[in-house]
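One structure is given here, and the rest of the page talks about it.
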Amino acid sequence: MTRTTWTTLTTPDGTRLAHTDHRPAGDRASAFLLLHGLAGHQGEWDTLAAQLSADGHRVVTYDVRGHGASTRTPATTTREAHVQDAVALIRQLDLAPVIRAGSGSATARTSRAATRTSSGSRRAGPG
């Protein structure tokens, strides 16, 4: 049985990041952080998140700043801000070690986030 929660994390600049956390019962096999690409939203990962969580993995998806249910007009939308957001989610949600997967522009964010965490995270997906 997977417990799914929808909530927000507030970054130091006041941006609210809407995220969904799929937590399987018992010990998790591994954690995944799934990032959508430009003009996307976290719902793009619903099917994969359901499959991974059914297999015992913890899965977190989120709407990046300026997208979906996150703050629509954040203070900044720089690449650096996006990287800091991914790092904040990894740390605040205690995802380490985490497997990061992204589509499109998210692949660069996942790589940069890995260099900022000592999570032993791995990248999955194209790019």
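Quick notes
- Peptides ranked, highest mean first, by Cβ atoms within 10 Å: ranges 72-83, 23-34: 23-34, 72-83
- Computed over region 1-113, relative contact order equals 30 percent, with contacts defined as Cα pairs under 8 Å that lie 6+ residues apart.
- Computed FRET value (nearest 0.05) for ALA75 with THR7, which takes r as the C-beta separation and R₀ as 22 Å: 0.60
- The amide H of ARG100, built 1.01 Å from its N in the peptide plane, has LEU33, ARG122, ARG123, ALA124 as neighbours under 5 Å, considering only residues 5 or more places off or on other chains.
- Hull shadow area, averaged, region 8-64 [alpha-carbon convex hull, nm²]: 4.3 nm²
- Charge tally around PRO12: other residues with Cβ under 13 Å, Lys/Arg +1 each, Asp/Glu -1 each, net 0.
A short reminder: the numbers here are calculations on the coordinates, not readings from a lab. This structure is a prediction, so every number in the text was calculated from the model and none was measured. Glycine also receives a Cβ, built like all others from the backbone with ideal geometry; neighbour counts cover every protein chain displayed.
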